[in-house]
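Below is one structure, written out as structure tokens; comments come after it.
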Amino acid sequence: MAAQTEGRDPGRVGSDAIPVKCPTPLDVAAAVTIYGGSLVFVNSAGRAVALSPDQTMTCAGYAENDVDNVSGSNGTLTITPRIGCISLVNGAGADEISADDVGKMAYASDNQTANL
């Protein structure tokens, strides 16, 4: 699946009564757009980004709204990710997740897709 290019409903799973927010807002990296409903990652510099091939990033949660910092510098904008379970797009082919894969490690291949 291709990376998300516009905001979407994240399809929260479970209790929506009080979705938990990340404890502090994160500075958004320069030249980055994070789309509502997509996963939010923190790079090695501690700034919020969309996923890239850099495997040192940590998932901080998901975005509720679009944050467009394409023309801004590091920290011009901030984002406070939500923490919880959301629906992701399933990988395809050999990377597709099935019922037989419960308990196995999965990974994000982009800001909206989970793979084995």
task: From (1) within 16 Å of G7 (Cα to Cα); (2) over 10 Å from the mean Cα position of the chain (by Cα); (3) not in a loop (DSSP other than H, G, I, E, B), pick out the condition that doesn't hold for N65.
output: (3)
field: Every residue from the range 73-92 that is farther than 14 Å from D27 by Cα and open to solvent by less than 60 Å² (accessible area, probe 1.4 Å)
entry: R82, G84, I86, S87, V89, G91
Of all residues making up the range 93-116, the number that are open to solvent by 60 Å² or more (accessible area, probe 1.4 Å), acidic (D, E) and assigned to a loop (DSSP other than H, G, I, E, B): 1
- line: Residue count, the range 91-114, condition touching a residue at least 40 places away in the same chain (Cβ under 8 Å) and of a type outside the set (S, T, Y), comes to 6
message: Looking only at the range 35-72, count every residue that is out of contact with any strand residue (DSSP E or B) (no Cβ under 8 Å at 6 or more places or on another chain) and open to solvent by 70 Å² or more (accessible area, probe 1.4 Å) and tell me the total.
response: 6
- request: Filter the range 18-34 down to residues that are open to solvent by less than 50 Å² (accessible area, probe 1.4 Å), over 15 Å from the mean Cα position of the chain (by Cα) and at pLDDT 90 or above, then give me how many there are.
  value: 1
- request: Tell me which residues, restricted to the range 30-62, are at positive phi and either part of a strand (DSSP E or B) or of a type outside the set (A, V, I, L, M, F, W, C) (or both).
  value: G37, G46, G61
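The values are calculated or read from the model by the stated rules, or taken from the named source; none is laboratory data. These figures come from a predicted structure and were not determined experimentally. Backbone-built Cβ (ideal geometry, glycine too); neighbour counts: all protein chains shown. Quick note on the areas: whole protein, heavy atoms, side chains included, nothing else; ligands and nucleic acids left out. Shrake-Rupley method; radii C 1.70, N 1.55, O 1.52, S 1.80 Å.
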